[in-house]
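So the structure is just underneath, and the comments pick up after that.
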Amino acid sequence: MRLKHIDDNWVVHAPAKLNLFLEVIGKRADGYHDIETVMAAVDLHDTLVFRATSSDEIVLRCHHSGSHPAGNSAPDFVPEGSENLVVRAAELLRAQGKLTSGIRIDLFKRIPAAAGMAGGSSNAAASLFALNQLWNLRLDLTELQQLASQLGSDVSFFLSPSPLALCQGRGEILRPIHSPARLHFVIVRPESGLSTALVYKHCVPEPNPRGAEGLIQSLQRGDLKKACELMCNSLQRPAELLNSEIHRLKAAFSKLPVCGHMMTGSGTAYFGVCQNRLQAMTAAARLKAWGLGRVFVAASPP
């Protein structure tokens, strides 16, 4: 992440993520699940704009992309109060620094909600990253990631210097992965979303869970074909049972000349891995014509 100073505002982009591998190992005593996942940040992002205020309030305003702003019942509705991870991140950091400073945060949403792309987690990480500098707290990366782990399982990933990482435990234990090739994706978010908690509730962990090492080695060699053969997401089957749109997306992607395809996270977004941007754009045009949902073309950072 990079923080830009523009007039009296500070601006940061918060990227989405895709899971190239996700295996649920088992349920923990604290109610979370142990997982092993390979996450890739992509250049589809939300934008957060911070402005210092004279009050002691933390004020968040959300702005939705597209011509139809989300209402309270829309799938992409994002709350603006203390239930939003951006506000909770700001409150947590302010308490850590024993501050009373106020802040106005404008969040411009592009990452679809309830899609398994971790927009909320990424926004929270961006808030920690930006306010650490604005409030001159001078917390190092380890300290920020410790705070991030209190907010959610995916938040720490977005504070990692690597856009590709193996994440274990609840998702907060990170191992950076180097891949020589830039990854290109076409993504569809169908009209409906899914509750992460509901998908996990219906997931039955395998007695002999698969590991991600084969996929990681393929990515490190730049062997895209082999990496796609090894992609898996153990949340996809329960998600398909809960939401028929995912099954339809799976069938549609099977007709496309992509290298591999599957659901990301707990859904409902579904993605295909492409050889290059041109292939991703061509696939996107077909998917838009089929009317399966909102279509995005994205890539890992260069």
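Of the residues screened, Ile35 is not one that is outside the structural domain of Gly211 (by TED's automatic domain parsing) and over 20 Å from Ala114 (Cβ atoms). Filtered by the rule that a residue be buried (at least 17 other Cβ atoms within 10 Å of the Cβ) and within 15 Å of Ser121 (Cα to Cα), region 131-148 gives Leu144, Gln145, Leu147, Ala148. Restricting Leu278, Leu287 to residues that are over 26 Å from Arg210 (Cβ atoms) and either crowded, with 18+ Cβ neighbours inside 10 Å or in contact with a Lys or Arg (Cβ under 7 Å, 6 or more places away or on another chain) (or both) narrows the list to Leu287. Say we look at region 48-72 and pick out the residues that are modelled with pLDDT under 95 and touching a Phe, Trp or Tyr at 6+ places or on another chain (Cβ under 6 Å); which of these is nearest to Ser127 (Cα to Cα)? Among those that are modelled with pLDDT under 95 and touching a Phe, Trp or Tyr at 6+ places or on another chain (Cβ under 6 Å), it is His63.
Of all residues being among the aromatic types (Phe, Trp, Tyr) and outside any helix (DSSP H, G or I) in region 77-133, which is nearest to Gly152 (Cα to Cα)? Just the residue, please. First the steps, then the outcome.
Applying the first criterion (among the aromatic types (Phe, Trp, Tyr)) to region 77-133 yields 77, 108, 129.
Narrowing the set further to residues that are outside any helix (DSSP H, G or I) leaves 77, 108.
Details: Phe77: 19, Phe108: 21 Å.
Among them, the one singled out is Phe77.
Just for region 156-213: of the residues that are aliphatic (A, V, I, L, M) and in a loop (DSSP other than H, G, I, E, B), which one is surrounded by the fewest Cβ atoms within 10 Å (Cβ to Cβ)? Only one residue tops the list, namely Val204. Scanning region 227-243 for residues that are surrounded by 14 or more Cβ atoms within 10 Å (Cβ to Cβ) and either touching a residue at least 40 places away in the same chain (Cβ under 8 Å) or over 22 Å from the mean Cα position of the chain (by Cα) (or both) yields Ala227, Cys228, Glu229, Leu230, Met231, Cys232, Asn233, Ser234, Leu235, Ala239, Leu242, Asn243. Every condition in (1) of a type in the set (D, E, K, R); (2) out of contact with any helix residue (DSSP H, G or I) (no Cβ under 8 Å at 6 or more places or on another chain); (3) assigned to a strand (DSSP E or B) holds for Asp30 except the one numbered (3).
For region 197-228, a tally of residues being among the charged types (D, E, K, R), closer than 17 Å to Glu36 by Cα and modelled with pLDDT of 95 or more returns 1.
For every residue, the table says whether it meets (1) over 28 Å from Lys288 (Cβ atoms); (2) modelled with pLDDT under 95.
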residue	(1), (2)
Leu92	yes, no
Ile103	yes, no
Phe108	no, no
Ala113	no, yes
Ala125	yes, no
Phe129	yes, no
Gly171	yes, yes
Ser195	no, yes
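State all residues of region 257-275 that are polar (S, T, N, Q) and crowded, with 17+ Cβ neighbours inside 10 Å; if no residue qualifies, say none. Matches in region 257-275: Thr264, Ser266, Thr268.
The values are calculated or read from the model by the stated rules, or taken from the named source; none is laboratory data. A quick note: this is a predicted structure, and the numbers were derived from the prediction, not measured. Note: ideal-geometry Cβ built from the backbone for every residue, glycine included; neighbour counts use all protein chains shown.
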